[in-house]
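**Student:** Take this structure first; my questions come after.
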Amino acid sequence: MTRTFVLLIAIVLSASSLFWGFQHLTASPLPLPTASNTNTQISTTYTATIEAGRAAKQTLNLAQMLTNTSLAGTQVPGSLTIDALGRLIPDNHSKAVMDYFLSLSGEMPDASIRRLLEHWARHNAGQLAAADLLTLFDQYHYYRSRLANSDYAAHYLNKNSGDIRNKLEQRQKLRNDTFGTDIAAALFADEDRYDRVSLQRNQILTSRRSEKEKADALQELRKALPEALAKQHQRQYDLQRLTAHEQSIKQQGANAADLYAFRQRQFGDAAALRLQALDEQRTLWQSQYQNYARQRDQINSAAIDIADKQKQLQALRSRLFTHSEQQRAAALDRMQ
């Protein structure tokens, strides 16, 4: 009897434990993945994988298109700034991208450069931003053409500040007329800052201060500059000093080997080689331009009307120069 009673109590306790355990499991179920959540995760992962593969493919396509150009092995500098609606926000990044593709001028037609830019923008920024960038590109191309065909350059060497300020104001007006004030300010913010500092620097150099006062003022100016701009001005200053020193040693009878040895001591092997290559390019250009100038003068002295002269001059430049060299030659013609 006692044994039967004990067995009965054990059964009741076991049943109670199972009951309360079942209630606990029912009240606090484990978070099992639902079919909907699983499908969403798979879909998101799949979409991300597809987009990554598509972007890599488009990057590869662009690299293939640039294989036989001077941009082979390079990358587009940075990315575009886009708002929440997918529209382009013009800024210095936009300008850097456009300058990158426009560096192909002379290697391929303008229309091909525009298509390359569109191809890159569509697959890296979307259709809306790409359309905005193409509109901006057309304006920028017009601006660069106007700039190349007119004397907007501010020459800081041995020029008074009034002349420089006038050039800068003319160039600013061209930018504002082309892009509008706000977009012009966004695109050319870095260049505007550089020009303002260059003007201040020129005012110091052309002032009646003593050499020590000028040096102190220039040092204070450099301290106030952002690091990148300070380095840019230092490079310009070093280049000006280099040019003056090289002219001095040439006047003393230095030959090409002496000049290379001087550059090697000052800047190292790589920089000396680059400077030598620039000299060779400059010499080649001067020879090409002198040859062109002789033929140009013959056309200008011929007894034909102005319209025919212009046609012949344009044909001559097209025959002797690349597209970018034609603009350079035309600018040099206007300066004479």
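The values are calculated or read from the model by the stated rules, or taken from the named source; none is laboratory data. Model, not experiment: these values are computed from the prediction. Heads up, the Cβs are rebuilt from the backbone with ideal geometry, glycines too, and the neighbour counts pull from every protein chain shown.
**Student:** Cβ-Cβ under 8 Å, sequence separation 6+ or interchain: first residue in the stretch 70-91 and within 18 Å of L102 (Cβ to Cβ), partner assigned to a loop (DSSP other than H, G, I, E, B) and at pLDDT below 90. Which pairs?
**Tutor:** S70/S103; S70/L104; S70/E107; L71/S103; L71/L104; A72/L66; T74/L66
**Student:** Can you pull out every residue in the stretch 159-212 that is surrounded by fewer than 17 Cβ atoms within 10 Å (Cβ to Cβ), farther than 23 Å from K95 by Cβ and touching a residue at least 24 places away in the same chain (Cβ under 8 Å)?
**Tutor:** Residues satisfying the conditions are K159, N160, S161, R165, Q203, T206.
**Student:** I would also like to ask the following. Can you say whether F267 is under 30 Å from Y194 (Cβ atoms), of a type in the set (A, V, I, L, M, F, W, C), surrounded by 12 or more Cβ atoms within 10 Å (Cβ to Cβ) and at pLDDT 80 or above, as far as the supplied structure shows? Give the derivation first.
**Tutor:** Numbers: under 30 Å from Y194 (Cβ atoms): yes; of a type in the set (A, V, I, L, M, F, W, C): yes; surrounded by 12 or more Cβ atoms within 10 Å (Cβ to Cβ): yes; at pLDDT 80 or above: no.
The answer is no for F267.
**Student:** Looking at the stretch 152-171 only, could you name the residues that are more than 19 Å from H141 (Cβ to Cβ) and at pLDDT 60 or above?
**Tutor:** G162, D163, I164, R165, N166, K167, L168, E169, Q170
**Student:** For a quick check of your reading of the model, give me the residue pairs whose first member lies in the stretch 265-292 and is among the hydrophobic types (A, V, I, L, M, F, W, C), whose second is surrounded by 12 or more Cβ atoms within 10 Å (Cβ to Cβ), with beta-carbon atoms closer than 7 Å and at least 6 apart or on different chains.
**Tutor:** Pairs found: A271/R263; A272/Y260; A272/R263; A272/Q264; L275/R263.
**Student:** What single numbered condition from (1) of a type in the set (A, V, I, L, M, F, W, C); (2) at pLDDT below 85; (3) within 22 Å of A96 (Cα to Cα) fails to hold for F179?
**Tutor:** With (1) of a type in the set (A, V, I, L, M, F, W, C); (2) at pLDDT below 85; (3) within 22 Å of A96 (Cα to Cα) applied to F179, the lone miss is (2).
**Student:** Would you mind stating whether S105 is closer than 30 Å to T178 by Cα, in contact with a Leu (Cβ under 9 Å, 6 or more places away or on another chain), at pLDDT below 85 and not aromatic (F, W, Y)? Full working, then the answer.
**Tutor:** Numbers: closer than 30 Å to T178 by Cα: yes; in contact with a Leu (Cβ under 9 Å, 6 or more places away or on another chain): no; at pLDDT below 85: yes; not aromatic (F, W, Y): yes.
No.
**Student:** Listed residues A254, A307; which is more than 31 Å from the chain's Cα centre (by Cα) and not in a helix (DSSP H, G or I)? Show your work before the answer.
**Tutor:** On the way: A307 fails: not in a helix (DSSP H, G or I).
It is A254.
**Student:** Give just the number: which of (1) under 32 Å from the mean Cα position of the chain (by Cα); (2) of a type in the set (S, T, Y); (3) farther than 30 Å from L242 by Cβ does Y260 not satisfy?
**Tutor:** (3)
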